[in-house]
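Notes for the one structure printed next.
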Amino acid sequence: MKIEEKILAILKDLKPGVEFEGRTDFISGKLLKSLDLVTLISELEDEFDIEISVEDVVPENFESLEGIAEVVNRYM
């Protein structure tokens with residue numbers, strides 16, 4: 001399974017019924033709120049065995065599937 005597919009599965013578990021594909025406004029469009037972001041980061045760290053630095057926890061990195069995948073790839 002590709003990184004993007006794993007991230008999408010995590011997002012769908014986190015927010016069932018929300019359509020994330022093709023969106024670039026996960027944070028600005030309020031699809032993900034702050035608590036969701038904390039949970040997402042924890043899930044990403046567990047799934048990919050990485051530790052995301054607090055410096056990378058900025059809205060721009062979590063606005064889209066591609067942006068999240070870039071962060072994950074940097075740490076792998």
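Subtracting the Cα-Cα distance of Glu4 and Leu35 from 0.36 nm times their residue separation leaves 9.0 nm of extension gain.
Loop by DSSP (not H, G, I, E, B), at most 16 other beta-carbon atoms within 10 Å: where is the longest site-free stretch of the chain for GluC sites (Glu not before Pro)? After excluding every exposed loop site, the longest remaining stretch is 22-50. Over all distinct Cα-Cα pairs of the chain, the Kirkwood formula returns a hydrodynamic radius of 12.2 Å.
Segment Asn61..Ser28, full-extension length gain: 10.7 nm, with 0.36 nm per residue of separation and the alpha-carbon distance subtracted.
Any read-out appearing in this document is the output of simple, stated calculations on the displayed coordinates, not a laboratory observation. Predicted, not measured: the structure shown is a model, and the values here were computed from it. Using ideal geometry, Cβ is built from the backbone for each residue, glycine included, and neighbour counts are taken over all protein chains shown.
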